[in-house]
1. Being part of a helix (DSSP H, G or I) and either touching a helix residue (DSSP H, G or I) at 6+ places or on another chain (Cβ under 7 Å) or surrounded by 12 or more Cβ atoms within 10 Å (Cβ to Cβ) (or both) is the filter here, so list the residues in region 27-43 that pass it.
2. Could you list, in sequence order, all residues of region 114-133 that are polar (S, T, N, Q) and either assigned to a helix (DSSP H, G or I) or within 20 Å of Gly165 (Cβ to Cβ) (or both)?
3. Any idea which of Gly55, Gly107, Gly46 is at pLDDT below 90 and more than 14 Å from the chain's Cα centre (by Cα)?
4. Does Leu54 meet the test of being on the phi < 0 side of the Ramachandran plot, touching a strand residue (DSSP E or B) at 6+ places or on another chain (Cβ under 7 Å) and open to solvent by 30 Å² or more (accessible area, probe 1.4 Å)?
5. Quick check on Asp78: is it open to solvent by 60 Å² or more (accessible area, probe 1.4 Å), touching a His at 6+ places or on another chain (Cβ under 8 Å) and either not in a helix (DSSP H, G or I) or not basic (Lys, Arg) (or both)?
6. For residues in region 210-221 being part of a strand (DSSP E or B) and open to solvent by 10 Å² or more (accessible area, probe 1.4 Å), which is farthest from Ser125 (Cα to Cα)?
7. Please enumerate the residues belonging to region 152-167 that are in contact (Cβ under 8 Å) with a residue 12 or more places away in the chain and out of contact with any Phe, Trp or Tyr (no Cβ under 9 Å at 6 or more places or on another chain).
Amino acid sequence: MNTPLGVSVTAASVIKETAIELNKMFENQTLTRRQFTELMDQIQEGTNMLESNLGRAAQLIQDFKQTAVDQVSESRSDFNVKQVLEALITSLHPETSKIPVTPSLEGSNDTHMNSLPGVLTQIMSNLIMNSVRHAFVHQESPEIEILFEDEGEYIIFHYRDNGCGVDKSLHQKIFEPFFTSKRGQGGSGLGLNLVFNLTNQKLKGTLGFDSRLNEGVHFTLRVPKITPLPESETSAGTAQGHDFQI
């Protein structure tokens, strides 16, 4: 937000100073045609810059608001997958820029789900923040890639980073509550447990995981395009199953 607002303040200042100079020359009757043209060009350039950057700031605020609403909402809606994930990535920029890493997003602009957008953004937010907090300590060129593809009645999400990876002996533990390698450093150990529970219980999908030390991580989420309604669930206990693959 600081960049577009800072540029907007500068542009407004330029417009103000140019208008004062133009008015002063007019009152003193020293304004020539050439000076008038040059000053008006400056005002027009400043106006264009102001409009562009305020528009950018407004879009950022809209993205932040959308993601904030989605994060606390479990209401069902028909949504464009790419738009929801783009808004999430934008909202997380203050955190990802600290590394810095910019998550890439690949997938069709036309892919829709009738599901819980808030749950999907919570899942992806936790995966991104897990990478930010754990993956890139010794990585000079950090990368995060999110790819989604249509597979009939399902959407497949692939999440990858090129970070430090996870030792095979820990694969079964990473989804356990309170398991973290950042104890005392801000890590609660609930992020991946939440990802697992939300994928299985809320989106009725499955979660796959693969990783090798120093080769990053690869999460695979397979979720229905249309999340089953609660009435269609056979029993409350079916959502508790551990259906992830190593």
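1. Initial filter on region 27-43 (part of a helix (DSSP H, G or I)): 27, 33-43.
Within region 27-43, Gln35, Phe36, Glu38, Leu39, Met40, Gln42, Ile43 meet the criteria.
2. Let us first name the residues in region 114-133 that are polar (S, T, N, Q), namely 114-115, 121-122, 125-126, 130-131.
Within region 114-133, Thr121, Gln122, Ser125, Asn126, Asn130, Ser131 qualify.
3. Residue meeting the stated conditions: Gly55.
4. Numbers: on the phi < 0 side of the Ramachandran plot: yes; touching a strand residue (DSSP E or B) at 6+ places or on another chain (Cβ under 7 Å): no; open to solvent by 30 Å² or more (accessible area, probe 1.4 Å): yes.
Criteria not met by Leu54.
5. Numbers: open to solvent by 60 Å² or more (accessible area, probe 1.4 Å): yes; touching a His at 6+ places or on another chain (Cβ under 8 Å): yes; either not in a helix (DSSP H, G or I) or not basic (Lys, Arg) (or both): yes.
Answer is yes for this residue.
6. Kept after step one, since they are part of a strand (DSSP E or B), are these residues of region 210-221: 210-211, 217-221.
From the residues that got through so far, the ones that are open to solvent by 10 Å² or more (accessible area, probe 1.4 Å) too are 210, 217-218, 220.
Details: Asp210: 19, Val217: 15, His218: 15, Thr220: 15 Å.
Only one residue tops the list, namely Asp210.
7. Of region 152-167, the ones in contact (Cβ under 8 Å) with a residue 12 or more places away in the chain are 153-167.
Passing the criteria: Glu153, Tyr154, Gly165, Asp167.
For (1) at pLDDT 95 or above; (2) of a type in the set (Val, Ile, Thr); (3) assigned to a loop (DSSP other than H, G, I, E, B); (4) open to solvent by 30 Å² or more (accessible area, probe 1.4 Å), each residue gets a yes or a no:
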| position | (1), (2), (3), (4) |
| --- | --- |
| Gln139 | no, no, yes, yes |
| Arg160 | yes, no, no, yes |
| Gly184 | no, no, yes, yes |
| Gly189 | no, no, yes, no |
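The values are calculated or read from the model by the stated rules, or taken from the named source; none is laboratory data. The model shown is predicted, which means the values in this text are computed figures rather than measured ones. Cβ: placed from backbone, ideal geometry, glycine included. Neighbour counts: every protein chain shown. For accessibility, only protein heavy atoms count, side chains too; no ligands or nucleic acids. Shrake-Rupley method; radii C 1.70, N 1.55, O 1.52, S 1.80 Å.
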